[in-house]
Amino acid sequence: MLPEIGRELAGTLYLLLPLAGGALAHAACMKWGWLAFLTRPIDGGRTLGGRPLFGRSKTWRGPITVAAGSAATYALQRHLLHGMPVVAELELVDYASLPGWWLGALLGAAAELTELPNSFTKRRLGIAPGGTDRGPRGALFFLWDQVDVLLGFWLVAATVVPPTPLRLAGSLILVAAFHPLLTVLGYVLGVRPTAR
């Protein structure tokens, strides 16, 4: 039983790799100022109750660069890594049978866009972009910050990979473990205002 659980978790991690590629593409653009023309806020500066809908940190560059990085990573998995037997063993579905690069783009864009409800809620509560809260509400937002990308990711991924309870739980654990590390790395590299 344990080897099957291990294989499912490894396959889930491999399935999530396009999100890492998307995050790296977005971080590179933020670090070096690439595609600055896309740094227009998604909310267009609109407000609700005197507060921004999402805030100035949620720009069009996010979903576009995450989509591009995810598409590139997915294309690499599908066209290059799939031919390696040790990698093909990790696949939860035959990658050669999956749609083209645009599936990776959809995975990344959907994952990035499902962060917007979190930002919307934080703005309503007066929490600044990149800011945090304290107490139980802070803990709730910390958890939400770690896993909000999974909703969009699985909405797309479920069209080609069955989202079993083990895969969903595994993705939750993996993202909750790796997302804080990526956040700290982003802070160290100067692309995030906080380490949380």
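Each of the peptides 139-145, 115-121 was scored by the mean count of other Cβ atoms within 10 Å over its residues; in descending order, highest first, they stand as 115-121, 139-145.
The dipole here belongs to segment 46-180: it is taken about the Cα centre, uses +1 on the Cβ of Lys and Arg and -1 on the Cβ of Asp and Glu, and is about 840 debye.
Between Leu151 and Arg137, the contour length at 0.36 nm per residue exceeds the Cα-Cα span by 3.0 nm. Legend: Rg and Dmax of segment 2-188, from Cα coordinates, 17.2, 56 Å.
Once backbone amide H atoms are built at 1.01 Å from N, Trp60 has Arg40, Ile42 as its partners under 5 Å, excluding neighbours fewer than 5 places away on the same chain. Quick check: the distance between the Cα centres of segment 105-147 and segment 25-97, to the nearest angstrom? Cα centroid to Cα centroid, the span is 17 Å. Other residues whose C-beta falls under 13 angstrom from the C-beta of Val149 contribute a net charge of -4, scoring Lys and Arg +1 and Asp and Glu -1.
Based on Cα atoms of segment 1-80, Rg over Rh with Rh as the Kirkwood radius reads 1.18. Which whole number in µm²/s is D for segment 51-106 by Stokes-Einstein, with the Kirkwood Rh taken over Cα pairs at 25 °C and 0.890 mPa s? The estimated diffusion coefficient comes to 191 µm²/s. Backbone phi angles across segment 100-111, fed through the Karplus curve with coefficients 6.51, -1.76 and 1.60 (θ = phi - 60°), yield HN-Hα couplings of x, 3, 5, 5, x, 4, 5, 4, x, 5, 5, 4 Hz in residue order; Gly and Pro are listed as x. Figure legend: label point modelled 7 angstrom from the Cα of Arg46 along Cα→Cβ; residues of segment 112-130 with amide N under 18 Å from it are 113-125.
Among Thr47, Thr65, Thr114, which one shows the highest mean-square fluctuation when the chain is modelled as a Gaussian network with alpha-carbon springs under 10 Å? Its mean-square fluctuation being the largest, the pick is Thr47.
Segment Leu189..Leu166, full-extension length gain: 4.9 nm, with 0.36 nm per residue of separation and the alpha-carbon distance subtracted. For Val93, the shell of other residues with beta-carbons less than 14 Å away shows a net charge of -1, using +1 for Lys and Arg and -1 for Asp and Glu. Converting the Cα gyration tensor eigenvalues of segment 129-196 into ellipsoid dimensions via √(5λ) gives semi-axes, longest first, of 26, 14, 10 Å. With contacts taken as Cα pairs under 8 Å and at least 6 residues apart, the chain reaches a relative contact order of 24 percent. Here the label points at Val93 and Leu174, each 7 Å from Cα along the C-beta direction, are separated by 1.5 nm in the simple model.
No value in this document is a laboratory result; all are computed from the given coordinates. Fair warning: this is a prediction, and the values are worked out from it, not measured in the lab. A quick note on method: Cβ atoms are made from the backbone with ideal geometry, for glycine too, and the neighbour counts reach across all protein chains shown.
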